[in-house]
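Here the structure comes first, spelled out in C-alpha cells, and everything after it is commentary.
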C-alpha cells in the first residue's frame with residue numbers, strides 16, 4: 001500500500017505541479033497582454049493624432065486655396081487697373097467736352113472694376129503721406145521735400161495691393177530725404 005500511496009501522492013504532486021505550471025504560464029500571458037495592449041493604445045493614439053493633424057492641415061490648405069486661389073488672376077487684373085489709371089490721368093487735362101465725358105465713363109468703369117476686385121479680397125495699399133514701410137512699399141527714389149517728415153512717402157508711381165491681408169504687389173514710391 002505504501003507504494004500505491006506513494007504513486008498516488010506523486011500523481012497528485014505532478015497534477016498539482018502542472019496546475020501550477022499552467023497558472024504561471026497564464027500569469028505570464030496576462031502579464032504580457034497589458035504590454036501589448038499599451039502598445040496598441042499608444043499606436044492608436046498616435047494614429048488618431050496623425051489623422052486629426054492631417055484633417056486640420058487639409059482645412060488650412062482648403063481655406064488658403066479659397067482665399068488665395070485667385071491670386072494669379074487678380075494680379076493680372078491689377079495691370080488693367082493701372083492702364084485705366086494711366087488713361088484717365090492722361091486725358092483728364094483735355095478741355096474737350098467729349099473727351100471729358102469719355103474720361104468720366106472710363107473712371108466709372110475703373111471704379112466698378114475695383115469694386116469687383118474688392119469683393120474678391122483685393123484692397124489698395126494707402127501710401128501717400130504715410131511713413132515708408134518696406135513690408136508694403138518699394139522705394140524707387142528719394143527726394144528733398146520741405147515740410148515733410150523723414151521717410152514720408154511723397155509720390156506714388158505704382159499703387160500696391162493686398163489680397164486678403166497678404167501683399168500682392170508693393171507700392172512703388174518716392175520717399176522724402178531731407179539730409
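The values are calculated or read from the model by the stated rules, or taken from the named source; none is laboratory data. Just so it is clear, the structure is predicted and the values come from calculations on it, not from any experiment. As a convention, Cβ positions derive from the backbone with ideal geometry for all residues, glycine included, and neighbour counts pool all protein chains shown.
Quick notes on this structure:
Residue by residue, here is whether (1) closer than 19 Å to residue 167 by Cβ; (2) assigned to a loop (DSSP other than H, G, I, E, B); (3) in the same structural domain as residue 160 (by TED's automatic domain parsing) holds:
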{"residue": "56", "(1), (2), (3)": "no, no, no"}
{"residue": "63", "(1), (2), (3)": "yes, no, no"}
{"residue": "75", "(1), (2), (3)": "yes, no, no"}
{"residue": "80", "(1), (2), (3)": "no, no, no"}
{"residue": "83", "(1), (2), (3)": "no, no, no"}
{"residue": "89", "(1), (2), (3)": "no, no, no"}
{"residue": "93", "(1), (2), (3)": "no, yes, no"}
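- Selection status of residue 146, without any contact (Cβ under 8 Å) to a residue 60 or more places away in the chain, over 27 Å from residue 81 (Cα atoms), touching a strand residue (DSSP E or B) at 6+ places or on another chain (Cβ under 8 Å) and not assigned by TED's automatic domain parsing to the domain that holds residue 80: no
- Residue in region 98-113 that is assigned by TED's automatic domain parsing to the domain that holds residue 84, within 28 Å of residue 65 (Cβ to Cβ) and either under 27 Å from the mean Cα position of the chain (by Cα) or loosely packed, with under 15 Cβ neighbours inside 10 Å (or both) present: yes
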